[in-house]
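The values are calculated or read from the model by the stated rules, or taken from the named source; none is laboratory data. Please read all numbers here as calculations on a predicted model, not as lab measurements. Here the Cβ is made from the backbone with ideal geometry for all residues, glycine too, and neighbour counts use every protein chain on show.
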Amino acid sequence: MTKLNTRIAIGLAAGASMLAIAAPAMAQDAAGDDEILVTAQRNNQTKVTAGGDVGVFGTKAAEDIPFNIRSYNEALILNQQPDSLGEVLENDPTIRTALGFGIAGEVFVIRGFDLSSDDVGYNGLYGITPRQIVAPELVSSVQVINGASAFLNGAAPGGSGIGGSVNLLPKKADRDVIRGTLGYTSASHFSGAIDVARRFGADRQWGLRLNASARRGDIAIDDEFHSSYVLGATLDYDSGPLRAALSLNYQRLNQTYWRGQVGIGAVIPRVPDADTNYSQPWSQILTKDYFGTFSLEYDLSDEAMLYAKIGARDGREDQTTASITVANPVTGAATGAGSYVPREDNNESATTGIRIKLAGSGISSEINAGVAVNWQVNRNAYDFDFAGYATNLYDPVVAPRPAPNQFVGGDLDDVFPISRNRLSSVFVSNTLGFWDDRILVTGGLRLQEIKTTSYSYADGARTGGYKESAATPVFGIVIKPVEGLSLYGNRIEGLIAGSTAPVGYDDDNDPLTAPLRVVNAGAALSPVKSKQYEVGGKLNFGRFNAGIALFQIDKPNAFVDPVTIVYGNYGTQRNKGAEFTLDGEPVDGLRIISGLTVLDAKLRRTEGGVNEGNDAVGVPELLANANVEWDLPFLPELTLVGRVVHTGKQAANATNTLELDSWTRFDLGARYVALVGETPLTLRFNVDNVADKRYWATAYNAFSAFGTRLLQGGPRTFKASASIEF
């Protein structure tokens with residue numbers, strides 16, 4: 001960080017401190033000040049809810065479901081000023097964030113498997129969330145379900161989600177508020193937001209939530225520029241047996257000079273300075289998304305409810321990428337390459353069902369049944385530069401933008417469909433309760449059909465198709481022997497579309513060099529189903545919650561049999577692990593969000609036995625997080641914040657000859673609530689990566705066939721904001 005930027009951060013912090021000291025004096029005689037401050041502090045508390053939206057089962061408390069689920073609240077997003085969804089999920093001890101191949105789209109590694117940003121749910125529907133980056137300002141809750149969820153939510157259309165799922169909930173008018181926020185993030189990134197919520201009507205049955213934000217400026221990575229403009233509105237109705245909500249959103253994001261992954265060879269290079277930018281000024285990601293959902297619930301009686309949700313998204317991306325591959329790990333000499341990829345997405349999603357609760361003879365029953373369908377159209381093109389340019393990892397060189405029209409596919413000016421996908425399903429489940437619901441047994445089945453059609457980049461002609469069906473069952477049990485203790489187990493499956501057999505391959509499985517004809521070239525394999533077994537327990541102490549989960553997931557992998565030259569799902573990756581989470585308020589004013597994950601991800605039944613028994617690439621052996629908030633007892637308006645994030649060693653290539661070191665990052669912050677008249681003012685100051693530690697964050701890459709690629713952790717970042725509520 002430059003001296004100028006440091007002075008800006010210090011100046012903002014000093015100004016905020018003086019305002020915090022002066023503000024209480026202006027209101028020291030106002031009646032009810034203590035009550036206003038207490039309410040403001042409570043609304044600002046960063047919390048985790050043990051429960052959430054569990055797909056077809058609806059909203060459930062954690063102790064009533066045989067799955068590991070957590071929900072991060074809106075206050076956490078407001079307090080931490082995240083730039084993306086990945087920064088929100090940095091608080092989760094079971095998740096680490098990587099990037100997709102050649103894009104800025106985030107990939108969330110859960111239980112050692114990827115969840116792409118394409119497959120993040122919005123209000124329980126797939127395909128509605130913006131594809132690469134989500135602006136957190138539009139979200140009221142981030143919900144995480146660990147483990148496969150093909151029955152709960154259906155197969156994820158992007159082909160990920162084997163290890164877990166993430167669902168975003170839109171903001172609603174839960175309480176009346178008018179809040180304005182101004183923010184700063186180093187190096188020179190400024191923001192402003194307005195959030196208005198009102199309930200109205202004779203019985204306050206109507207609610208309206210409007211929120212808008214704008215962010216613009218350079219972030220802490222040298223010369224990397226981000227801007228974000230978002231607008232969201234939710235109108236809801238809640239009266240008698242009918243509940244309805246309409247959520248509409250607009251998001252426009254722009255990133256220039258953005259730093260991506262680093263390709264390496266046989267040696268892991270030393271890590272550059274944390275703020276080094278080895279990208280190019282002409283690299284850019286510009287996205288525009290219009291998306292929304294409409295949900296409806298109607299109580300037929302106290303025991304039966306009909307529900308329906310529909311959603312849609314229209315998105316446009318214009319992405320110019322500057323990526324590098326290190327040729328000399330000692331000097332940092334590297335080769336860069338550029339690409340331009342325009343893309344448009346037109347997606348729709350819908351689900352409807354019925355939920356019936358019955359009881360008799362000491363046994364309760366909850367039946368869920370319904371249908372779901374998801375349509376996606378992907379229009380894109382590409383222009384790749386294979387000539388490249390010379391640069392350096394440690395002393396980057398600014399290179400001219402590659403000449404256009406070097407290796408082109410599709411129409412760059414008017415993109416046409418490259419793929420059309422439809423995922424449809426029918427589901428039914430029943431949860432039986434015994435012993436006053438102290439024992440809950442769940443069984444269910446979802447019949448799913450995956451249909452895809454692909455088109456030529458040359459002329460848009462149809463090149464192939466795929467239509468396959470699969471059944472994904474679920475079985476779960478919950479036992480609650482005493483108040484506050486819940487033991488559970490589940491057997492559930494994940495589901496993704498089968499891959500397509502390549503035209504040819506060689507000893508390196510590279511179809512571009514000395515290819516051999518594959519017997520079933522071009523054939524689409526049946527849908528791939530993973531199998532998960534999990535047992536665990538949840539303990540509610542009243543003031544805080546603890547949970548433990550032990551799991552095993554087997555996922556088939558495809559390759560060409562070197563003897564028969566037939567492509568098929570012959571391989572397996574087995575991930576085993578244990579998760580421990582702890583959150584709550586053990587004593588008044590002290591709140592914690594913490595936990596750890598131990599992972600053992602192994603390759604089994606590999607091609608020709610090569611790499612069999614090796615660790616899977618990019619899966620850390622240990623994850624640990626601790627986030628602490630402390631309201632000072634002698635100055636309750638002031639809250640101190642600290643967070644530590646630890647990631648263990650991880651294999652950086654399939655042969656396990658390369659390994660990333662473990663890393664630990666520390667964040668610190670403070671929050672102060674003051675009064676201006678009778679209006680609460682919240683001042684925040686945070687420092688992420690206090691020590692400015694430089695580290696390779698992850699080697700996870702779903703496209704490992706293109707070689708090892710590393711993602712560097714972010715530099716020290718100062719954040720300050722002020723929010724006033726009316």
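Only residues that are outside any loop (DSSP other than H, G, I, E, B), aliphatic (A, V, I, L, M) and under 17 Å from Ala699 (Cα atoms): list them for the stretch 599-644, please. Talk me through it step by step, then tell me what you get.
Filtering the stretch 599-644 for residues outside any loop (DSSP other than H, G, I, E, B) gives 599-604, 607-609, 615, 622-631, 638-644.
Checking the rest, the ones that are also aliphatic (A, V, I, L, M) come to 599, 601, 603, 622-624, 626, 628, 638, 640-641, 644.
Across the stretch 599-644, the qualifying residues are Leu599, Ala601, Leu603, Leu622, Leu623.
When you go through Tyr389, Tyr382 one by one, which is the residue that is at pLDDT below 95 and either closer than 30 Å to Arg694 by Cα or polar (S, T, N, Q) (or both)? Give the steps one after another, and end with the answer.
Numbers: Tyr382 fails: either closer than 30 Å to Arg694 by Cα or polar (S, T, N, Q) (or both).
Within the list Tyr389, Tyr382, the selection yields Tyr389.
Would you list the strands (runs of 3 or more DSSP E) that sit entirely within the stretch 105-208 and hold 1 or more residues that are among the aromatic types (Phe, Trp, Tyr) and in contact with a helix residue (DSSP H, G or I) (Cβ under 8 Å, 6 or more places away or on another chain)? Spell out how you get there, then give the answer.
Values: elements: 106-110, 113-116, 139-146, 164-170, 177-185, 187-200.
Answer list for the stretch 105-208: 106-110, 177-185.
Of (1) in contact with a helix residue (DSSP H, G or I) (Cβ under 6 Å, 6 or more places away or on another chain); (2) at positive phi, Gly232 satisfies all except one. Which?
The one condition Gly232 does not meet is (2).
Look at the stretch 645-660 and say how many of its residues are under 24 Å from the mean Cα position of the chain (by Cα) and either among the basic types (Lys, Arg) or loosely packed, with under 15 Cβ neighbours inside 10 Å (or both).
Residues meeting the conditions: 1.
If a residue must be assigned to a strand (DSSP E or B) and either modelled with pLDDT of 90 or more or more than 28 Å from Asn380 (Cβ to Cβ) (or both), how many such residues does the stretch 79-104 contain? Give the derivation first.
As a first pass, look at the stretch 79-104 and keep what is assigned to a strand (DSSP E or B): 95-99.
Checking which are either modelled with pLDDT of 90 or more or more than 28 Å from Asn380 (Cβ to Cβ) (or both) leaves us with 95-98.
Counting residues in the stretch 79-104 that are assigned to a strand (DSSP E or B) and either modelled with pLDDT of 90 or more or more than 28 Å from Asn380 (Cβ to Cβ) (or both) gives 4.
Anything in the stretch 59-78 that is of a type in the set (A, V, I, L, M) and assigned to a loop (DSSP other than H, G, I, E, B)? List them, or say none.
Here is the first cut: in the stretch 59-78, the residues of a type in the set (A, V, I, L, M) are 61-62, 65, 69, 75-78.
Across the stretch 59-78, the qualifying residue is only Ile65.
Over 29 Å from the mean Cα position of the chain (by Cα), at pLDDT 95 or above and acidic (Asp, Glu): is that true of Asp395 in this structure? Break it down into steps so the answer makes sense when it comes.
Values: over 29 Å from the mean Cα position of the chain (by Cα): yes; at pLDDT 95 or above: yes; acidic (Asp, Glu): yes.
Yes; evaluated as a whole, the condition is true for this residue.
Among the residues of the stretch 571-599, write down those that are closer than 21 Å to Glu534 by Cα and among the hydrophobic types (A, V, I, L, M, F, W, C).
Passing the criteria: Ala578, Phe580, Leu582, Leu596, Val598, Leu599.
From the list Asn557, Asn569, which one is modelled with pLDDT of 85 or more, more than 30 Å from Trp630 (Cα to Cα) and in contact with a Ser or Thr (Cβ under 7 Å, 6 or more places away or on another chain)? Full working, then the answer.
Working: Asn569 fails: in contact with a Ser or Thr (Cβ under 7 Å, 6 or more places away or on another chain).
On inspection, the qualifying residue turns out to be Asn557.
Conditions first: (1) touching a Ser or Thr at 6+ places or on another chain (Cβ under 6 Å); (2) among the aliphatic types (A, V, I, L, M); (3) in contact (Cβ under 8 Å) with a residue 60 or more places away in the chain; (4) within 30 Å of Ala75 (Cα to Cα). Ile593 passes all but one, so which condition is the exception?
(1)
Can you tell me which residue within the stretch 196-213, out of those that are closer than 30 Å to Ser239 by Cβ, surrounded by 16 or more Cβ atoms within 10 Å (Cβ to Cβ) and not hydrophobic (A, V, I, L, M, F, W, C), is nearest to the chain's Cα centre (by Cα)? Step through it out loud before you land on a result.
Here is the first cut: in the stretch 196-213, the ones closer than 30 Å to Ser239 by Cβ are 196-212.
Filter once more, keeping what is surrounded by 16 or more Cβ atoms within 10 Å (Cβ to Cβ): 196-197, 199, 206-207, 209-212.
Keeping just the survivors that are not hydrophobic (A, V, I, L, M, F, W, C) gives 199, 207, 209, 211.
Working: Arg199: 31, Gly207: 28, Arg209: 24, Asn211: 21 Å.
Residue satisfying both the conditions and the ranking: Asn211.
Does the stretch 57-70 hold any residues that are surrounded by fewer than 24 Cβ atoms within 10 Å (Cβ to Cβ) and under 24 Å from Thr352 (Cβ atoms), and which are they? Working first, answer last.
Kept after step one, since they are surrounded by fewer than 24 Cβ atoms within 10 Å (Cβ to Cβ), are these residues of the stretch 57-70: 57-64.
Selection gives Phe57, Gly58, Thr59, Lys60, Asp64.
How many of the residues making up the stretch 245-275 are farther than 30 Å from Gln205 by Cβ, touching a Lys or Arg at 6+ places or on another chain (Cβ under 8 Å) and of a type in the set (S, T, N, Q)?
1
Whether any residue in the stretch 150-166 is of a type in the set (Phe, Trp, Tyr), out of contact with any His (no Cβ under 9 Å at 6 or more places or on another chain) and under 30 Å from Lys576 (Cα atoms) is what I want to check. Full working, then the answer.
Initial filter on the stretch 150-166 (of a type in the set (Phe, Trp, Tyr)): 151.
After this cut, where a residue has to be out of contact with any His (no Cβ under 9 Å at 6 or more places or on another chain) as well, the list is 151.
After this cut, where a residue has to be under 30 Å from Lys576 (Cα atoms) as well, the list is 151.
Looking through the stretch 150-166, at least one residue is of a type in the set (Phe, Trp, Tyr), out of contact with any His (no Cβ under 9 Å at 6 or more places or on another chain) and under 30 Å from Lys576 (Cα atoms).
Which of the residues spanning the stretch 167-184 are within 24 Å of Thr49 (Cα to Cα), surrounded by fewer than 24 Cβ atoms within 10 Å (Cβ to Cβ) and not basic (Lys, Arg)? Even if it seems obvious, please write down each step before you answer.
So in the stretch 167-184, the residues within 24 Å of Thr49 (Cα to Cα) come out as 167-177, 179.
Now restrict to residues that are surrounded by fewer than 24 Cβ atoms within 10 Å (Cβ to Cβ): 168-169, 171-177, 179.
Passing the criteria: Leu168, Leu169, Ala173, Asp174, Asp176, Val177.
Return the residues of the stretch 147-157 that are out of contact with any Leu (no Cβ under 9 Å at 6 or more places or on another chain) and either on the phi > 0 side of the Ramachandran plot or surrounded by fewer than 24 Cβ atoms within 10 Å (Cβ to Cβ) (or both); say none if nothing qualifies. Full working, then the answer.
Within the stretch 147-157, the first condition is being out of contact with any Leu (no Cβ under 9 Å at 6 or more places or on another chain), and the residues that meet it are 147, 149, 152.
Once the filter is applied, which keeps residues that are out of contact with any Leu (no Cβ under 9 Å at 6 or more places or on another chain) and either on the phi > 0 side of the Ramachandran plot or surrounded by fewer than 24 Cβ atoms within 10 Å (Cβ to Cβ) (or both), the stretch 147-157 yields only Gly147.
In the stretch 186-195, is there at least one residue being crowded, with 23+ Cβ neighbours inside 10 Å, farther than 27 Å from Ala549 by Cα and among the small types (Gly, Ala, Ser)?
Our first condition is that a residue be crowded, with 23+ Cβ neighbours inside 10 Å; within the stretch 186-195, this holds for 186-187, 189.
Next, only the ones that are farther than 27 Å from Ala549 by Cα stay: 186-187, 189.
The next check asks that each one be among the small types (Gly, Ala, Ser); those that pass are 186-187.
Checked the stretch 186-195: at least one residue is crowded, with 23+ Cβ neighbours inside 10 Å, farther than 27 Å from Ala549 by Cα and among the small types (Gly, Ala, Ser).
Working only within the stretch 652-689, note down all residues that are of a type in the set (A, V, I, L, M, F, W, C), touching a Phe, Trp or Tyr at 6+ places or on another chain (Cβ under 7 Å) and within 30 Å of Ala98 (Cα to Cα). Give the derivation first.
From the stretch 652-689, those of a type in the set (A, V, I, L, M, F, W, C) are 652, 654, 658, 660, 663, 666, 668, 670, 673-676, 681, 683, 685, 687; that's our starting set.
Right, trim to touching a Phe, Trp or Tyr at 6+ places or on another chain (Cβ under 7 Å) and you get 660, 663, 670, 683, 687.
Correct list: Leu660, Trp663, Ala670, Val687.
Kindly check whether there is at least one residue in the stretch 351-358 that is farther than 30 Å from Thr234 by Cβ and part of a loop (DSSP other than H, G, I, E, B). Walk me through how you get there before you give the answer.
Here is the first cut: in the stretch 351-358, the residues farther than 30 Å from Thr234 by Cβ are 358.
Now drop any that are not part of a loop (DSSP other than H, G, I, E, B), which leaves none.
So far as the stretch 351-358 goes, no, none of its residues is farther than 30 Å from Thr234 by Cβ and part of a loop (DSSP other than H, G, I, E, B).
Would you mind finding the one in Asp236, Asp273 that is under 30 Å from Ile356 (Cα atoms) and of a type outside the set (Lys, Arg)? Walk me through how you get there before you give the answer.
Values: Asp273 fails: under 30 Å from Ile356 (Cα atoms).
That would be Asp236, the only listed residue that is under 30 Å from Ile356 (Cα atoms) and of a type outside the set (Lys, Arg).
Take Gly542 and decide whether it is under 30 Å from Gly484 (Cβ atoms) and out of contact with any strand residue (DSSP E or B) (no Cβ under 7 Å at 6 or more places or on another chain).
On the way: under 30 Å from Gly484 (Cβ atoms): yes; out of contact with any strand residue (DSSP E or B) (no Cβ under 7 Å at 6 or more places or on another chain): yes.
Spelling it out, Gly542 is indeed under 30 Å from Gly484 (Cβ atoms) and out of contact with any strand residue (DSSP E or B) (no Cβ under 7 Å at 6 or more places or on another chain).
When residues of the stretch 206-235 are filtered for being among the small types (Gly, Ala, Ser) and more than 20 Å from Gly315 (Cα to Cα), how many remain? Write out each step before concluding.
Taking the stretch 206-235 and keeping what is among the small types (Gly, Ala, Ser), we get 207, 212-214, 217, 220, 227-228, 232-233.
From what's left, more than 20 Å from Gly315 (Cα to Cα): 207, 217, 220.
Going through the stretch 206-235 one residue at a time, the tally reaches 3.
Counting only residues that are in contact with a Leu (Cβ under 6 Å, 6 or more places away or on another chain), at pLDDT below 90 and exposed (fewer than 14 other Cβ atoms within 10 Å of the Cβ), give me the strands (runs of 3 or more DSSP E) lying completely in the stretch 418-523 with at least 3 of them.
Values: elements: 439-455, 462-479, 485-496.
Answer list for the stretch 418-523: none.
Can you find, within the stretch 20-54, the residue that is farthest from Arg70 (Cα to Cα) among those that are among the small types (Gly, Ala, Ser) and at pLDDT 50 or above? Step through it out loud before you land on a result.
Narrowing the stretch 20-54 to residues among the small types (Gly, Ala, Ser): 20, 22-23, 25, 27, 30-32, 40, 50-52.
Those still in the list that are at pLDDT 50 or above too: 32, 40, 50-52.
Numbers: Gly32: 35, Ala40: 24, Ala50: 5, Gly51: 6, Gly52: 7 Å.
Ranking the qualifying residues of the stretch 20-54, first place goes to Gly32.
Among the residues of the stretch 669-687, are any within 30 Å of Lys555 (Cβ to Cβ), surrounded by 18 or more Cβ atoms within 10 Å (Cβ to Cβ), touching a strand residue (DSSP E or B) at 6+ places or on another chain (Cβ under 9 Å) and among the aliphatic types (A, V, I, L, M)?
Quick first cut of the stretch 669-687, residues within 30 Å of Lys555 (Cβ to Cβ) only: none.
The answer is no, given that none of the residues of the stretch 669-687 is within 30 Å of Lys555 (Cβ to Cβ), surrounded by 18 or more Cβ atoms within 10 Å (Cβ to Cβ), touching a strand residue (DSSP E or B) at 6+ places or on another chain (Cβ under 9 Å) and among the aliphatic types (A, V, I, L, M).
Tally time: how many residues in the stretch 99-129 are in contact (Cβ under 8 Å) with a residue 60 or more places away in the chain, within 10 Å of the chain's Cα centre (by Cα) and surrounded by 24 or more Cβ atoms within 10 Å (Cβ to Cβ)?
2
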